[in-house]
Amino acid sequence: MDSKLFPKTKTFTEESLKKQFRISEFLAEKIISSVAFLSIAVIFLIFIFVFKESLPLFSSGADSKALTEAEAKTNKPESYGATAEELKPETYGAETEELKPETYGSESVSNDDLKPESYGDAPKEDLTVPSTDETMDAVSQNQEGEDKTWSTFFTTEWVPVSDNPRFGLLGLLIGTLKVTIIAMLIAGPLAVLAALYTSCFASKRVKEIIKPVIEMLAAFPSVVIGFFALMVLASFFQDVFGYDSRLNAFIGGVAMALAAIPIIYTISEDALAAVPKTYTEASLALGASKWQTAFFVILPAATPGIFAALLLGIGRVFGETMIALMATGNAALVSANPFESVRTFAATIGSEMAETVFGETHYSVLFFIGSLLFIFSFALNAVAEFYVKGKLLKKFQGK
Amino acid sequence: MNTTKFKIAVLLIAVMTIGFSFTTINKVTVKGSDTMVILSQKWAEVYMKKNPGASIQVTGGGSGVGLAALINGSTDIANSSRPIKASEIEKLKARYNSMGVEIPCAKDGLSVYLNKANPVTSLTLKQIGQIFAGKITNWNEVGGPDAPIKLYGRESSSGTFGFFKDNVVRTDFSPSCQTLPGTAAIVNAVKKDKFSIGYGGAAYAEGVKDCAVKKDDKSPGILPTAATIKNHTYPISRYLYMYLKSKPTGEAKAFIDWILSSEGQTLIAEVGYYPLK
């Protein structure tokens, strides 16, 4: 081989050739590997950052924060009065104080009086304020420490902006799972059947139309899909089903299915197309119909790929922010009814991150949710990688 | 050799003059409340037309975002649809040793929206508070038909949310209150949902009914109109503020003085809010 490609002459020794090749190869290799390692490092750094920001939850650092808040009560900004007074002869400061909504009743409204309660189809016992919160109402907000924040994690109430903030992750988790299940129940069968149709039944012409059209759905920004759900889908489905709450888990699920379908479709279609032609031919030669071949030969043979596609779809729905923000109603209600509002993890981060103060408990909790999402998508990818590639693939290849 | 050096020198000077000329333009950045962003842009637009040398940059993001940017030093003026919080003043004080300067620059009425088909036309402040707290859950408790009340509100990062919570609800919002991004989304939701209630700026109420608000059981219901908000008979009205680190100087002072002048104030009504006077 060597002698054919590189005729041995006196000018090129083997040594010199090796060196020349080494330099260019070496450079290319290093550049490519450094890019790969950089991307791994970036992902790792993001994870460390997200997790680090949620760390204050695990250590007690709330004391200093509470102290500054208590102190700050007495301060008021000075007002820039000179020109304002020229503008208005009446006293400037007095009016500022007047322009407040009238109070009703006595100034100190007791919290027992105005306790949030549930209504509608939601089961009442789930949504009433737990008795621990009642005691927290009584104590001043400075008492809010790390252990109490933790105990509220397992309640169902998400009230982060309050005198006694409650971070009920349970309600958010249930909401997220509810939307994900609804979206996957709609998107999964539709996308897989569409993929089966295009790869097994459709003529080449039809396939060339359907495939780009479905893939174009992936090009829609999620804001557009969310807006469409908010304005059109919500009213349409309310007319059809006649439920109470206009924005609910079902609408969110439908809108997210629109976002997940192109992903599931594309990957399933690739998996179905990758099934060897010999399978089809053998099946047809044995006298099976086209329909039987598609469902009992090609579909099972492509199962690992379809499974991976579904997992990716779940990942997409789980992390979808904008659609959840606009279409699900964002009320953390716990009920089995799919036509009730829900609040998802990602939407919570999306709507509340903008104004949280650095280092505050609320901020840390949002980052904690972020790391939960990260861990979840990591686990999902791991399942897709190891289970599908390892076990399912072997099982279907008959090994 | 000499000529190339000369050329480089000339080039450098040219670049430096151009660069310097950019820095001398008086740039004022305004950041904050989404409620005020249209108003602020209008002010900036008209002001810059009148003063070609000035450059006013307006961005939204929310009241808290604007105040955070003021604390971080990345904006000159922070717009806010709610008064500054004590914790934010504390941060300003720690960083700049000043309590900040508060400039009320317009008035706004917070309207309670009802669907046009809803027979209920007026509510007391207490009833509104109890409805949003989840204490009253059926319209028949406030003289309406027997139907559950659907609540629509803003997300907790909104200044409108904070104002409504502190001054009307006075406790936590009901967990069943659906939070939507933006007042327009709330108006749209209330427009489509017969037994719903929402809140937001009075200027946004298109296609929905303003609820007449009573201070207590005996007083008459007052609709949020220009007159009632300006003379402060409508109970839920608020100031829109501009916040600065310290007393304004230079271009920022000129801009603010112009806003507070009658010329700047007349623009407020065009956008849908209410002038100070």
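What are the pairs, 6+ residues apart or on separate chains, where a residue within the range B:155-179 that is β-branched (V, I, T) has its Cβ under 6 Å from a residue that is open to solvent by 10 Å² or more (accessible area, probe 1.4 Å) and part of a helix (DSSP H, G or I)?
As it stands, the answer is none, since no pair meets every condition given.
Would you check if there is a residue in the range B:94-108 being among the small types (G, A, S), farther than 24 Å from B:I236 by Cβ and without any contact (Cβ under 8 Å) to a residue 40 or more places away in the chain?
Yes.
Conditions (1) open to solvent by 10 Å² or more (accessible area, probe 1.4 Å); (2) more than 14 Å from every other protein chain (Cβ to nearest Cβ); (3) touching a residue at least 24 places away in the same chain (Cβ under 8 Å), marked per residue:
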| position | (1), (2), (3) |
| --- | --- |
| B:K31 | yes, no, yes |
| B:M36 | no, yes, yes |
| B:G60 | yes, no, yes |
| B:L70 | no, no, yes |
| B:A86 | yes, no, no |
| B:E90 | yes, no, no |
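In the range B:92-109, what residues are more than 11 Å from chain A (Cβ to nearest Cβ) and on the phi < 0 side of the Ramachandran plot? Steps first, answer last, please.
Restricting attention to the range B:92-109, the residues satisfying the condition of being more than 11 Å from chain A (Cβ to nearest Cβ) are B:95-97, B:106.
Correct list: B:R95, B:Y96, B:A106.
Of all residues in the range A:328-364, how many are open to solvent by less than 30 Å² (accessible area, probe 1.4 Å), closer than 19 Å to B:V65 by Cβ, touching a residue at least 60 places away in the same chain (Cβ under 8 Å) and of a type outside the set (S, T, N, Q)?
Within the range A:328-364, residues that are open to solvent by less than 30 Å² (accessible area, probe 1.4 Å), closer than 19 Å to B:V65 by Cβ, touching a residue at least 60 places away in the same chain (Cβ under 8 Å) and of a type outside the set (S, T, N, Q) number 3.
Could we say that B:S80 is hydroxyl-bearing (S, T, Y), more than 8 Å from chain A (Cβ to nearest Cβ), in contact with a Ser or Thr (Cβ under 8 Å, 6 or more places away or on another chain) and open to solvent by less than 50 Å² (accessible area, probe 1.4 Å) here?
Yes.
State which residue is most open to solvent (accessible area, probe 1.4 Å) when the search covers only the range B:237-262 and only residues that are free of Cβ contacts under 8 Å to residues at least 24 places away in the same chain and either closer than 20 Å to B:D108 by Cα or facing another protein chain (nearest Cβ under 8 Å) (or both).
B:S262
The values are calculated or read from the model by the stated rules, or taken from the named source; none is laboratory data. Model, not experiment: these values are computed from the prediction. We place every Cβ from the backbone using ideal geometry, glycine too, and count neighbours over all the protein chains shown. Surface accessibility is based on the protein's heavy atoms, side chains included, excluding ligands, DNA and RNA. Shrake-Rupley method; radii C 1.70, N 1.55, O 1.52, S 1.80 Å.
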